[in-house]
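Here's the structure we're looking at; comments come further down.
The values are calculated or read from the model by the stated rules, or taken from the named source; none is laboratory data. Being a predicted model, the structure only gives us computed values, none of them experimental. Neighbour counts are summed over all protein chains in view; Cβ atoms, including those assigned to glycine, are modelled from backbone coordinates with ideal geometry. Surface accessibility is based on the protein's heavy atoms, side chains included, excluding ligands, DNA and RNA. Shrake-Rupley method; radii C 1.70, N 1.55, O 1.52, S 1.80 Å.
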Amino acid sequence: MDKLTIHELTIETSIGVHDWEKKLKQKLVFDIEIHFDFSQAYHSDELDHTIDYTKLAEFTTSFCQQRHFNLVEHLAYQLSQTLKQEFHLSKVILSVAKAGVIANARKISFCCTA
């Protein structure tokens, strides 16, 4: 199985459990690794035989911006399951990072596999 990775897709969305977090948009950074059989695309050079990663990125952005999530864990799980189903993927490994959560840490990140 082959894999394609979208690195550092940045999305501003509503996430967090604290009242102040629910009032503002926060930046999340995603790495999305998709596993798919790309062998048809090797030979055809046709977009119909691969994953349109622009559409996948747009779908991910829309998914995150249409609702509020309390936890990055919940968002990552729901998104990875939805991407797998929506794009007919064999496997999705999704990492999401959120900056400014812990005073002495640059960011937190969570990784989910579907």
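When the chain is described by a simple charge dipole with +1 on each Lys and Arg Cβ and -1 on each Asp and Glu Cβ, the residue from SER62, PHE30, GLY16 located farthest towards its positive end is GLY16.
Counting only aspartates and glutamates at least 8 places from LYS91 when in the same chain, those with an alpha carbon closer than 12 Å to its own are ASP2, GLU33, ASP37. For the chain, the longest principal axis of the Cα atoms and the long axis of helix 72-86 meet at an angle of about 20 degrees.
Which number do you get for Rg(Cα) / (2.2 N^0.38 Å) in the chain?
Details: Rg = 15.3 Å, N = 114, 2.2 N^0.38 = 13.3 Å.
Rounded to two decimals, the normalised Rg is 1.15.
By the rule of a C-alpha distance below 18 Å, with chain neighbours fewer than 8 residues away ignored, the lysines paired with LYS107 are LYS25, LYS27, LYS98. The range 78-114 and the range 6-66 have Cα centres spaced 10 Å apart.
By a 1.4 Å probe calculation restricted to protein chains, GLU12 has an accessible surface near 100 Å², given to the nearest 10. Using only side-chain charges placed at the Cβ, +1 for Lys and Arg and -1 for Asp and Glu, the dipole size of the chain relative to its Cα centre rounds to 720 debye.
Remark: the range 21-79 carries a charge dipole of roughly 700 debye about the Cα centre, counting +1 on each Lys and Arg Cβ and -1 on each Asp and Glu Cβ.
Multiplying the residue separation of PHE110 and LEU24 by 0.36 nm and removing their Cα-Cα distance gives an extension gain of 28.9 nm.
Tell me the relative contact order for the chain as a rounded percent, counting alpha carbon contacts under 8 Å between residues six or more apart.
Values: 195 pairs, mean separation 31.7, N = 114.
The value is 28 percent.
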